[in-house]
Structure formats: structure tokens, C-alpha cells
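Everything below concerns the one structure shown next.
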Amino acid sequence: PITGAYVVSTRYGSYTMPGTSVRLDSKGINHTGHAGAQARCIFDGEVTAVFSAGGTKNVMVRHGSYISIYCNLVSVYVRQGQKVSARQTLGGVAADVSGKPNLHFQLRKGGATLNPESWLAR
């Protein structure tokens, strides 16, 4: 879901913050990429929402009974109701506190979150 080379910097599920005893639950995975990284659609679908949260933009795409969510975008190139195809660019990825582009990606079926790592093409 991100262009160029990347690392999965946060995995799906519960984890402990490094150096603390604080437990968090990640509903998706984070991809840390390189300057100019773009979010791209994982499968053909329709944009069901484009919205802002916490100062960044987010895109939701419906793929039949599945929904993919692309969070932490600085810009969006699609609009609600638009048909999109696999690997189509959805928007530019915003930088995290370290200055590197960081895309948060979620996958859902119905109301349940899924581990999206098995859906990723390398």
C-alpha cells in the first residue's frame, strides 16, 4: 500500500511500547517509507470516504465485503464514489515525528479488523 522501499514499523495486534510496560493494540500496520512515498490501493474497489483526523487525511476503499483504510496522508488524489484499481495512487504519505513518511494501513471485513500483512505484495 506504499510506493518504494519500506519497512513495517508497527505490526498488527497487541504490543509493548519499547522501553516501557505500556501495552497498545494496533488495528493495522505502519509502513515507514522514503521521501515522496505515496499510498496506493491494494485491490480494485470504490472510495467510500475521504476524511481528516488529527491534522492528516484518510481514505477508505470498499472491495466487496472488505474495506481498506489508508491513514496519515498529507494529500489525497481521489474522491468519494470514485472507482479505483489495484496499485492506483491514492495520496501522498505524511511524515511522522522522525520526519519519515509513515502510512498506517488497516483492513476490515464487516466490523472486524484483519491482519493486513498477508495482503501485501512485495
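Before moving on, here are some points about what is shown:
- Against the numbered list (1) buried (at least 20 other Cβ atoms within 10 Å of the Cβ); (2) modelled with pLDDT of 95 or more; (3) under 13 Å from the mean Cα position of the chain (by Cα), residue 108 comes up short only at (1).
- Checking 61, 50 one by one, the residue that is among the hydrophobic types (A, V, I, L, M, F, W, C) and open to solvent by less than 20 Å² (accessible area, probe 1.4 Å) is 61 and no other.
The values are calculated or read from the model by the stated rules, or taken from the named source; none is laboratory data. A quick note: this is a predicted structure, and the numbers were derived from the prediction, not measured. Note that each Cβ is placed from the backbone with ideal geometry, even for glycine, and that neighbours are counted across all protein chains shown. Ligands, DNA and RNA are excluded from the accessible area calculation, which covers all protein heavy atoms including side chains. Shrake-Rupley method; radii C 1.70, N 1.55, O 1.52, S 1.80 Å.
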